[in-house]
Amino acid sequence: MLATAGAGFGSIALSGLLHQEKLLGGETPHRVPTAKNVIFLFMEGGPSAMDLFDPKPKLRELAGQPLPDSFGPIITPMGEYNAPLLADLRKWKQHGEAGTWVSDWLPHIATCVDDIAVIRSLHGNGLNHSNGVCQMNTCSIRGGRPSLGSWVSYGLGTENSNLPGFVVIEDVPNRVFNKSRNWSAGFMPAVYQGTALYNEDPPIKNLTPAGAITPVRQQSKLDLLSQINRQHAEKLSKEQSELEARIESFELAYRMQQAAPEAVDLSAETQETKTLYGMDDDATKDFGKNCLLARRLVERGVRFVQLYHGCGSKWDAHQNIEANHTKNCKASDKPVAGLIKDLKRRGLLEDTLVIWGGEFGRTPMSEKGTGRDHNAYGFTMFMAGGGVKGGQVIGSTDEVGLHAVEDRMHIKDLHTTILHLLGIDNMELVYHHQGRPERPTLNEGSPMLKLLG
């Protein structure tokens, strides 16, 4: 009535509210969530569990000997082999009230163990980096499926219409295996894919208008471009979502021109906070900056933030694991601990789920005498916050750390657990594609309820 009477202000307001609901809303959570946001710290290349969180006295006892038949065989990218076992050289200590074992490679994360749940029994199917990274992101070793962050964006929407719901930060100039396919929306509308930020200036590419373009002129350009795009979109199949996503990306980019620069501006942070993240040390400043950016993003309503450390498989220690892991642990240990501590003191950890891990682990057998090969049969990750009970260790591997044997947790179970903490039932979150109901964990997976205590 208001619209036809000429006083269309009511319909304008309603349109704005409906648009806001479309931007912010996803599906209603299937259960009461314990986490609202996720920060996934991806150590790309495969950190070694038996050198970090899963001490193996038996491995030292059998060092230099072939793997006993009772533990094998194992298939690696190089085929089946039985190289001599390689002992770790670490000093181990129990930390916190829980007495969680952590090696001397991670002294800062060791101070956070009472907020951390260590999972020693992960396993997957990826034998090389490409399919391992793919499965850790999508639950499948084959490309083409939506990433976990995309499913979360699809299911829950975003809390801030001026920022992306799913953000990815690589430690450039290197690139992670599979590159942007890791945060692709797959067969879902492209609007759910991740937005890349960079640890350089500018952190968000193609956002700042060129030259002295006024806001009015910029808005006029975008309005015209949107009109032309929509006219073209009407001629296309509804299955082609890329143009609609492109239109939305232009609109989001315009809104981000106001919100994003403030979100990524670290000048307002105190020196004490920057030091907490290791930004005063050349070895830790880059990943420390990324971790601090992650905190600022979830603080402003970004739903899912994924940080890659060691892009280009820098954790891949096929030889000289001592030098490799010494460098990578040094660069990431303090920033990760700083993130957990900073979230906790700001009251954000209880709503923010922090995940740490790589695409797989390393073998107990040696490679090239001083390194370890890929191991997807049993490896370690940890979680903190978001309803996870800290100070506990879940699952175990065998005596030499080759296979997960107790409370085995497949990557599909890991994703199911993450969704469960966010209030999403992995079997109820459905996207229909080509007449087939698609689900984030390929119709499999059970949540690890022990994590909730």
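What follows draws every value from the coordinates through simple rules; no lab data is involved. Note that the coordinates shown come from a computational prediction; the quantities given were computed from them, not determined experimentally. Heads up, the Cβs are rebuilt from the backbone with ideal geometry, glycines too, and the neighbour counts pull from every protein chain shown.
Sorting check: for 146-152, 188-194, 104-110, 64-70, which peptide has the highest mean count of neighbouring beta carbons within 10 Å, and how do the rest follow?
Per-residue Cβ counts within 10 Å, averaged per peptide and sorted highest first, yield 146-152, 188-194, 104-110, 64-70.
Simple spin-label model, 7 Å along Cα-to-Cβ: Lys91 to Gln319 in nm?
That separation, rounded to one decimal, is 3.0 nm.
Taking amide hydrogens as modeled 1.01 Å from N in the peptide plane, which residues meet the under 5 Å criterion relative to Val168, leaving out close sequence neighbours?
Placed amide hydrogens put Thr195, Ala196, Leu197, Gln306 under 5 Å from Val168.
From the phi angles alone, apply the Karplus equation (6.51, -1.76, 1.60; θ = phi - 60°) to the range 40-57 and give each ³J(HN,Hα) in whole Hz, x where the residue is Gly or Pro.
After applying 6.51 cos²θ - 1.76 cosθ + 1.60, I find 9, 8, 9, 8, 7, x, x, x, 8, 5, 6, 10, 10, 10, 10, x, 10, x Hz.
Let me have the relative contact order for the range 389-453, percent, based on Cα pairs under 8 Å that are six or more residues apart.
The value is 33 percent.
Can you compute 3J(HN,Hα) from phi for each residue in the range 417-430, using the Karplus curve 6.51 cos²θ - 1.76 cosθ + 1.60 with θ = phi - 60°, rounded to whole Hz and x for Gly and Pro?
Result, ordered by residue: 5, 4, 5, 4, 5, 7, x, 10, 8, 4, 8, 9, 7, 10 Hz.
Report, by chain and number, residues whose modeled amide H sits under 5 Å from the one on Ile116, excluding near sequence neighbours (fewer than 5 apart, same chain).
HN-HN under 5 Å from Ile116: Gly391, Gln392.
For the range 363-377, in order, what is each residue's ³J(HN,Hα) by Karplus, 6.51 cos²θ - 1.76 cosθ + 1.60 with θ = phi - 60°, in whole Hz (x at glycine and Pro)?
7, x, 7, 7, 9, 6, x, 10, x, 9, 8, 5, 9, 9, 8
For a quick check: with amide H placed at 1.01 Å from N, whose amide H comes under 5 Å from Met427's, ignoring anything fewer than 5 positions away on the same chain?
none
Please arrange Trp183, Trp92 by how many other C-beta atoms lie within 10 Å of their C-beta, fewest to most.
Final ranking by Cβ density, sparse to dense: Trp92, Trp183.
Among Glu399, Glu299, which comes first, then next, by fewest other beta-carbon atoms within 10 Å?
Glu299, Glu399
Just rank Cys311, Cys291, fewest to most, by other beta-carbon atoms within 10 angstrom.
The most exposed by this proxy come first: Cys311, Cys291.
What does a probe at Asn174 reach in the range 371-396, counting residues whose amide N is under 14 Å from the point 7 Å along Cα→Cβ?
Those under the cut-off are none; the list is empty.
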